[in-house]
Amino acid sequence: MDEKYMRRALELAARARGRTSPNPMVGCVIVKDGEIIGEGLHERYGGPHAERNALAACTKPTSGADMYVTLEPCCHHGKTPPCADAVIESGVKRVIIGCLDPNPKVGGMGAERIRRAGIEVKVGVLEKECRDLNKIFMRYITSGRPYVMLKYAMTADGKIASVSGKSKWITGEKAREDAHRDRNAYSAIMVGVGTVLADDPRLTCRADGGADPVRIVCDTNLRTPIGAEVVRSAGETPTIIATCLADKEKQRPYLEAGCEIILTPPKDGRVDLDYLMDELGRRKIDSVIVEGGGELAWSALSAGTVDYVKCYIAPKIFGGAGAKTPVGGQGVDEPGGAFMIKNTKISRIGDDFLIEGEIKCSRE
């Protein structure tokens with residue numbers, strides 16, 4: 001029965017995907033005498049937490065009830081008061097927690113405060129599901145760096161464009177819709193300047209009700225055209241250009257267009273992605289989709305910054321020895337040096353297939 005109500009809490013939490021960053025998604029269900037008397041979720045960053053929303057929604061007195069919450073109630077003052085205090089004041093008799101909060105400001109202390117108040121506390125119901133829901137938050141809160149997903153679409157013969165460079169469209173509409181849902185869920189999307197030059201993408205989110213991610217262009221020598229979509233629309237959608245070029249005069253047109261410049265030291269003649277990820281973390285960008293550019297994909301993998309991979313495969317063949325592949329760069333010397341994908345999942349999306357999983361060699 002505990003799992004039943006925790007699954008409901010997970011469903012509630014997921015409704016806020018893309019709206020709570022850099023805070024976690026949390027759902028809460030309050031049950032009394034086998035009946036759900038209150039539900040709530042953390043709806044947006046800065047708003048009331050799930051526990052307080054659920055308590056406010058209760059249709060009956062909460063004394064003696066059970067509370068199910070996907071993440072440990074907080075015990076510190078942030079934008080809202082501690083939820084642990086509200087839980088204690090509510091008079092519930094039992095609190096069932098999906099997983100503990102890795103935030104050093106909480107880290108088991110919220111559960112312990114509730115336990116010390118004489119309330120029964122149970123931790124670990126659907127723990128994996130609760131942790132997976134907030135894998136972005138878990139990475140960011142413990143490392144201070146964004147969770148990074150490498151995403152690409154390719155043909156069955158491993159091409160991301162035809163020999164002439166054309167790439168619209170490799171996958172079908174359903175796969176593209178899935179990719180736009182990710183753009184809503186992640187804080188930022190990153191491409192290399194080569195992708196901007198070849199495709200002039202807008203890099204916005206077209207999911208219903210979705211929010212645009214911050215756009216990041218890795219452009220070592222500032223070759224991004226001033227008339228590029230990402231520059232022209234920088235006043236509407238935040239755009240960051242990461243470069244190694246310190247020339248203020250060359251930076252000026254981008255700054256005047258509304259772009260932000262992040263100057264990084266060079267690494268192997270390119271933007272230093274390690275340095276960049278630290279800078280993005282300091283700006284509270286908790287997650288990044290790396291989408292576009294075989295050289296950027298290789299740089300991200302070889303720098304150890306990739307946490308997750310989503311590879312869409314279309315059942316078609318382009319051929320062509322010179323046609324581009326999703327990951328370029330130097331490549332590995334031996335098969336044993338490959339970047340391994342673990343905990344893989346394979347699914348069908350429309351006519352296409354999706355292989356996804358965690359990078360085994362990610363920074364840990």
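The values are calculated or read from the model by the stated rules, or taken from the named source; none is laboratory data. Just so you know, these numbers come straight off a predicted model, no measurement behind them. Every residue, glycine among them, receives a Cβ derived from its backbone with ideal geometry; neighbour counts consider all protein chains shown. These accessible areas exclude ligands, DNA and RNA; they are computed on the full protein's heavy atoms, side chains included. Shrake-Rupley method; radii C 1.70, N 1.55, O 1.52, S 1.80 Å.
Residues checked against (1) farther than 19 Å from Ala297 by Cα; (2) touching a residue at least 40 places away in the same chain (Cβ under 8 Å); (3) aliphatic (A, V, I, L, M):
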| site | (1), (2), (3) |
| --- | --- |
| Phe318 | yes, yes, no |
| Gly328 | no, no, no |
| Asp333 | no, no, no |
| Gly337 | no, no, no |
| Met340 | no, no, yes |
| Asn343 | yes, no, no |
| Ile349 | yes, yes, yes |
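Mind counting the residues in region 329-360 that are closer than 27 Å to Lys267 by Cα and either of a type in the set (A, V, I, L, M, F, W, C) or open to solvent by less than 20 Å² (accessible area, probe 1.4 Å) (or both)?
Selection size over region 329-360: 6.
So for region 57-70 (the condition being at pLDDT 90 or above, under 24 Å from Ala188 (Cβ atoms), crowded, with 21+ Cβ neighbours inside 10 Å and under 20 Å from the mean Cα position of the chain (by Cα)), does at least one residue qualify?
no
Under 8 Å by Cβ, and 6 or more places apart or on different chains, what pairs join a residue from region 117-131 that is at negative phi and of a type in the set (Gly, Ala, Ser) with one that is surrounded by fewer than 19 Cβ atoms within 10 Å (Cβ to Cβ) and at pLDDT 95 or above?
So the pair list comes out as Ala117/Ile88.
Open to solvent by 10 Å² or more (accessible area, probe 1.4 Å) and either hydrophobic (A, V, I, L, M, F, W, C) or touching a residue at least 60 places away in the same chain (Cβ under 8 Å) (or both): is that true of Gly194 in this structure?
Judged against the criteria, Gly194 is a match.
I'm trying to understand the selection: among the residues of region 276-297, which are more than 20 Å from Phe137 (Cα to Cα) and buried (at least 18 other Cβ atoms within 10 Å of the Cβ)?
Within region 276-297, Glu291, Gly292, Gly293, Gly294, Leu296, Ala297 qualify.
Does region 220-229 contain any residue that is out of contact with any strand residue (DSSP E or B) (no Cβ under 8 Å at 6 or more places or on another chain), aliphatic (A, V, I, L, M) and either part of a helix (DSSP H, G or I) or over 28 Å from Phe137 (Cβ atoms) (or both)?
Among the residues of region 220-229, at least one is out of contact with any strand residue (DSSP E or B) (no Cβ under 8 Å at 6 or more places or on another chain), aliphatic (A, V, I, L, M) and either part of a helix (DSSP H, G or I) or over 28 Å from Phe137 (Cβ atoms) (or both), which makes the answer yes.
Let me spell it out: the conditions are (1) farther than 22 Å from Tyr186 by Cβ; (2) crowded, with 22+ Cβ neighbours inside 10 Å, and Val26 meets all of them except one. Which number is the exception?
For Val26, the exception is condition (1).
Looking for something within 27 Å of the chain's Cα centre (by Cα) and more than 24 Å from Asp132 (Cβ to Cβ) - is there at least one such residue anywhere in region 86-96?
no
Given the options Lys60, Lys4, name the one that is among the basic types (Lys, Arg), more than 26 Å from Asp286 (Cβ to Cβ) and either touching a residue at least 60 places away in the same chain (Cβ under 8 Å) or outside any helix (DSSP H, G or I) (or both).
Lys60
State whether the residues of region 45-54 include one that is touching a His at 6+ places or on another chain (Cβ under 6 Å) and open to solvent by less than 20 Å² (accessible area, probe 1.4 Å).
yes
Considering only residues of region 7-55 that are in a helix (DSSP H, G or I) and among the aliphatic types (A, V, I, L, M), which is farthest from Ile88 (Cα to Cα)?
Here the residue is Ala14.
Give the residue that is farthest from the chain's Cα centre (by Cα), with candidates limited to residues of region 194-219 that are in a loop (DSSP other than H, G, I, E, B), farther than 16 Å from Leu255 by Cα and among the charged types (D, E, K, R).
That would be Asp200.
List every residue pair whose Cβ atoms sit under 7 Å apart, with the two residues 6 or more apart in sequence or on different chains, where the first one lies in region 250-279 and is on the phi > 0 side of the Ramachandran plot and the second, anywhere, is surrounded by fewer than 16 Cβ atoms within 10 Å (Cβ to Cβ).
Once the first residue is on the phi > 0 side of the Ramachandran plot and sits in region 250-279, its partners that are surrounded by fewer than 16 Cβ atoms within 10 Å (Cβ to Cβ) give Gly258/Gly235.
Please verify whether Leu150 is open to solvent by 20 Å² or more (accessible area, probe 1.4 Å) and modelled with pLDDT of 95 or more, treating the condition exactly as stated.
No; evaluated as a whole, the condition is false for this residue.
Which fully enclosed helices (runs of 4 or more DSSP H) of region 89-173 have 3 or more residues being touching a helix residue (DSSP H, G or I) at 6+ places or on another chain (Cβ under 7 Å)?
It comes to 109-116, 127-133.
Working only within region 62-86, note down all residues that are in contact with a strand residue (DSSP E or B) (Cβ under 8 Å, 6 or more places away or on another chain), more than 18 Å from Gly124 (Cβ to Cβ) and hydrophobic (A, V, I, L, M, F, W, C).
Scanning region 62-86 gives a single hit, Ala65.
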